[in-house]
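See below for the structure under consideration.
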Amino acid sequence: MIIKATSHTIRNIWIVFLFIIIVLLVFIGTLTQGISFDSLTIPNIKVHQLYIKLDKKLIVHIQELAINKETQTDTSLEESAAIIKNFPLLHQFFSEITIEKLTYANEEIKLIFKENIFYLDSKHLSVNLKITPMDKLKIDIDIQEANFKDFSLQLSGKASLNFKNELYNFEGNFETFGMKGIALFDIKNKLLTYHLQTENFTNVELSNLMDFIVTKAELDPIA
């Protein structure tokens, strides 16, 4: 009886296992042909015009993605940190992503990733980048434009991100409150070093910058 019960259990497990494998094969086979949905709704999420296809990596197109949830308003620095953190996963699993309109209760975002070109536009941040993977944990980035809207800061140049050794650097141009120049940033072991060199600027431009900094950081009155 024990032998029969055991063999019966194993047979049931095997049947369930085969069923799962068959479902996965059918799903993967369908994905290779591409799947389209006019509308898809799950709790707190609505999707309009979804297309997904598996061609070595995933290709995803979404006309509108609405998330019915109030979110804490991020700064451009927080958004850029989140983007940088997820770059390896983005390149590993996706060859193309297009989300024309990603809507939170309090923000709208447009995102495009195609042929290693990454574009994002949100309330606080607008970036246009070309990503060149060097290996799984190292990428080079050609920054065509990075606009930190809440800091009135624009950057362009080249960056290198080494996630394994936690080495990050940037070299390029900046502009803020009419002041222009070149910038060098290096982060190693979470220690930031930088060099800034500006072109000639007016007292008005400097005053506007300092007035803004005062709203973001506590400074000694002499400064």
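The values are calculated or read from the model by the stated rules, or taken from the named source; none is laboratory data. Nothing here was measured: the structure is a model prediction, and the numbers come from that model. Every residue, glycine as well, gets a Cβ built from its backbone with ideal geometry; the counts of neighbours run over all protein chains shown. Areas reflect the complete protein model, heavy atoms only, side chains present, ligands, DNA and RNA absent. Shrake-Rupley method; radii C 1.70, N 1.55, O 1.52, S 1.80 Å.
Assorted remarks:
- For Lys46 and Ile84, the difference between the fully extended length at 0.36 nm per residue and the C-alpha to C-alpha distance is 11.0 nm.
- Exposure of Val204 as accessible area (Å², to 10), given a probe of 1.4 Å and all protein chains: 100 Å²
- Taking the C-alpha atoms of the stretch 74-223, convex hull volume expressed per residue in Å³: 130 Å³
- Set Lys114/Lys136; Lys110/Lys180; Lys149/Lys190; Lys85/Lys180 screened for pairs whose C-alpha atoms are more than 20 Å apart: Lys110/Lys180; Lys149/Lys190; Lys85/Lys180
- Local charge for Glu199 was computed over the other residues whose Cβ lies under 12 Å away, with Lys and Arg +1 and Asp and Glu -1, and equals -1.
- Gain in span if fully extended, Leu209 to Asn106, counting 0.36 nm per residue against the direct Cα distance: 34.2 nm
- Averaging the Cα positions of each part gives two centres, and for the stretch 156-184 and the stretch 192-216 these lie 16 Å apart.
- Annotation: peptides 143-151, 78-86, 37-45, 184-192, ranked by per-residue average of other Cβ atoms within 10 Å with the highest first, follow the order 143-151, 78-86, 184-192, 37-45.
- Three-way shape label, the stretch 90-154, alpha-carbon gyration tensor, a/c 1.5: oblate
- Applying 1/(1 + (r/R0)^6) with R0 = 45 Å to the Cβ-Cβ distance of Asn68 and Phe163 gives a FRET efficiency near 0.85.
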